[in-house]
1. For K151, only one of the following conditions fails: (1) within 19 Å of N36 (Cβ to Cβ); (2) of a type in the set (D, E, K, R); (3) not in a helix (DSSP H, G or I). What is its number?
2. Hey, could you check the range 132-152 for residues that are in contact with a helix residue (DSSP H, G or I) (Cβ under 7 Å, 6 or more places away or on another chain) and either charged (D, E, K, R) or closer than 15 Å to K73 by Cα (or both) and say which is modelled with the highest pLDDT?
3. Any residue that is β-branched (V, I, T) and in contact with a Lys or Arg (Cβ under 9 Å, 6 or more places away or on another chain) - is there at least one of those in the range 42-53?
4. Based on this model, can you work out whether V39 counts as at pLDDT 85 or above, aliphatic (A, V, I, L, M) and within 12 Å of the chain's Cα centre (by Cα)?
5. Just to be sure I understand, how many residues within the range 103-117 are surrounded by fewer than 16 Cβ atoms within 10 Å (Cβ to Cβ) and touching a residue at least 12 places away in the same chain (Cβ under 8 Å)?
6. Could you check Y57 against (1) closer than 29 Å to E22 by Cβ; (2) of a type outside the set (D, E); (3) not assigned by TED's automatic domain parsing to the domain that holds R12 and say which number it fails?
7. Can you pull out every residue in the range 1-51 that is in a loop (DSSP other than H, G, I, E, B) and of a type in the set (V, I, T)?
8. Out of everything in the range 82-97 that is surrounded by 15 or more Cβ atoms within 10 Å (Cβ to Cβ) and over 18 Å from the mean Cα position of the chain (by Cα), what residue ends up being nearest to L71 (Cα to Cα)?
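The values are calculated or read from the model by the stated rules, or taken from the named source; none is laboratory data. This is a predicted model, so every value here is computed, not measured. Because the Cβ atoms are built from the backbone with ideal geometry, glycine has one as well, and the counts that use them run over all protein chains shown.
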Amino acid sequence: MAESNKRIAVIRVRGKKKVKKEIEDTMTMLKLYRKNTCVIIKNTKPYIGMLEKIKDYVTWGEIDEKTFVELLKKRGKLPAKQKLSEEYMKEKAKTSFEDFAKDFFAFKKELKDIPGLKQFFRLNPPKQGFERKGIKKPYSLGGALGYRKEKINNLIKNML
């Protein structure tokens with residue numbers, strides 16, 4: 001895998017039918033409650049172990065700052081279905097989206113430092129669908145599951 005100074009975006013690709021309890025529990029711990037949900041995690045051994053366990057239901061890769069800022073702006077949610085706004089960021093977190101992203105990727109801040117922000121992002125299904133072989137095959141064989149390095153940024157942009 002990649003260096004440990006990266007952030008990883010994890011997207012749940014498959015739904016809830018016929019999922020073992022153990023795997024469903026792991027996805028709940030990662031806050032991947034439903035299909036097309038994205039979370040951003042650190043690249044650490046425990047998280048990589050969790051990803052290995054749920055690899056048949058999710059796709060993941062290293063997210064870049066630009067995509068992260070877009071994700072925050074378009075899909076950042078507060079309680080009562082409010083959108084995360086630039087004014088809210090200035091008032092509560094005393095920072096802008098871009099400055100927060102820089103600190104986030106430098107591991108100086110976490111998502112929970114923005115008061116009230118939900119720790120996961122709900123996405124649309126991707127435009128033009130997932131890869132050709134569908135959501136039951138690994139990415140390396142032309143499907144949508146598993147590790148996809150930096151290509152995760154393209155998928156997230158298609159899902160915004």
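1. Every listed condition holds for K151 apart from (3).
2. R148
3. No.
4. Considered against the rule, which asks whether it is at pLDDT 85 or above, aliphatic (A, V, I, L, M) and within 12 Å of the chain's Cα centre (by Cα), V39 comes out as yes.
5. The qualifying residues number 4.
6. Failed condition: (3).
7. Within the range 1-51, V13, V19, T44 qualify.
8. Per the criteria, the residue is M89.
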